[in-house]
Amino acid sequence: MTPAPVAATGPALISIIIPTYKEAGHIGPLLRHLHEAAGPDTALELLVVDGHSPDATAAEAAAAGAQVLLCPRKGRAAQLNFGAAAATGSILYFLHADTYPPAGFTAHIRAAVAGGAGCGGYRLRFDHPSRFLALNAWFTRFPQEVFRFGDQSLFVRRDVFEKAGGYREDMVVFEDQEITRRLRRVAPLRVLPHYIVTSARKYRENGVWRLQGIYYLITAMYRLGMSQQRMVQVYRKLIRQDKV
């Protein structure tokens, strides 16, 4: 009697989820970078979750090979949850549209998960020569919630993400730090010993010292338990941007 063939098992599928709003000119280069950085890895799912951008973000993402999802509700937390619900991978990887993972990032993530990590991210570098920003980024080697932000990216096993309850959609700012706290209650978090590079475009637009000072102010407001509405008001008043 011939034994039944054993099904081949390949690498775990990683679903990369990128929330976007007005990212035309940025999302295409990022998606091309992801293909290059992943190398021959085909166990990838690229999901761009757009908040109905009025520019060419969605078309650019589709042309670069991503599956584009239009989220009914604009907002990073809502868009990330929407993407996670549509994803089919056993590993979810949440990534900002202006943040570039290192070469081999899929292997890094799978190795961390195989080693027992339930979630994690990278150390951070900015594409800016400021020593002050480099000093701030140095602290991203630590796993504590206070040092974990979305621009360091976040990988998480699907079961861990679901058990933690996903992102809080009532949060407009600090949704990344808040979910880190809950994820760490469910499974170990690991900071990978490699660097992810994020754009300092907002620092260039607002000034390095000025913007970082505003971030310190809003962080203090968050730690003091002030409302999301009040923090968003301060954010919109002080920071030159059109997305929050």
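The values are calculated or read from the model by the stated rules, or taken from the named source; none is laboratory data. Keep in mind that this is a model prediction, so the values were computed, not measured. Every residue, glycine among them, receives a Cβ derived from its backbone with ideal geometry; neighbour counts consider all protein chains shown. Note: areas computed on protein heavy atoms with side chains; ligands, DNA, RNA excluded. Shrake-Rupley method; radii C 1.70, N 1.55, O 1.52, S 1.80 Å.
General remarks:
- Extreme residue, modelled with the lowest pLDDT, among residues of segment 197-244 that are among the hydrophobic types (A, V, I, L, M, F, W, C) and in contact with a Lys or Arg (Cβ under 9 Å, 6 or more places away or on another chain): V244
- Counting only residues that are open to solvent by 30 Å² or more (accessible area, probe 1.4 Å) and either more than 16 Å from the chain's Cα centre (by Cα) or closer than 16 Å to I27 by Cα (or both), segment 99-112 holds 5 of them.
- Only one of the numbered conditions (1) surrounded by 15 or more Cβ atoms within 10 Å (Cβ to Cβ); (2) at negative phi; (3) at pLDDT 95 or above; (4) out of contact with any His (no Cβ under 8 Å at 6 or more places or on another chain) is violated by R123, and that is (4).
- Taking segment 138-157 as the range and being surrounded by 17 or more Cβ atoms within 10 Å (Cβ to Cβ) and either over 16 Å from R204 (Cβ atoms) or aromatic (F, W, Y) (or both) as the test, the residues that pass are T140, E145, F147, R148, F149, G150, Q152, S153, L154, F155, V156, R157.
- Looking at segment 125-188, the helices (runs of 4 or more DSSP H) lying wholly inside it that each contain 1 or more residues that are small (G, A, S) and more than 14 Å from the chain's Cα centre (by Cα) sit at 131-138, 158-164.
- The set of residues in segment 68-98 being buried (at least 23 other Cβ atoms within 10 Å of the Cβ) and either on the phi > 0 side of the Ramachandran plot or of a type in the set (V, I, T) (or both) consists of I91 alone.
- Some residue of segment 217-231 being part of a strand (DSSP E or B) and touching a helix residue (DSSP H, G or I) at 6+ places or on another chain (Cβ under 6 Å): no
- Subset tally (residues that are surrounded by 13 or more Cβ atoms within 10 Å (Cβ to Cβ), among the polar types (S, T, N, Q) and either out of contact with any strand residue (DSSP E or B) (no Cβ under 8 Å at 6 or more places or on another chain) or within 17 Å of Q177 (Cα to Cα) (or both)) for segment 199-240: 4
- Residues that are among the aromatic types (F, W, Y) and closer than 24 Å to Q241 by Cα occur at least once in segment 168-178.
- Selection count, segment 181-196, where residues are surrounded by 20 or more Cβ atoms within 10 Å (Cβ to Cβ) and either more than 23 Å from R125 (Cα to Cα) or at pLDDT below 95 (or both): 2
- Cross-chain or 6+ apart pairs with Cβ under 8 Å, segment 207-231 first and aliphatic (A, V, I, L, M), then open to solvent by 30 Å² or more (accessible area, probe 1.4 Å) and not in a helix (DSSP H, G or I): V208/H128; M231/V172
- In the condition set (1) farther than 15 Å from K243 by Cα; (2) open to solvent by less than 10 Å² (accessible area, probe 1.4 Å); (3) touching a residue at least 60 places away in the same chain (Cβ under 8 Å), G28 is compliant with all but (3).
- The listed residue being at negative phi, in contact (Cβ under 8 Å) with a residue 24 or more places away in the chain and surrounded by fewer than 16 Cβ atoms within 10 Å (Cβ to Cβ), out of D55, D50: D55
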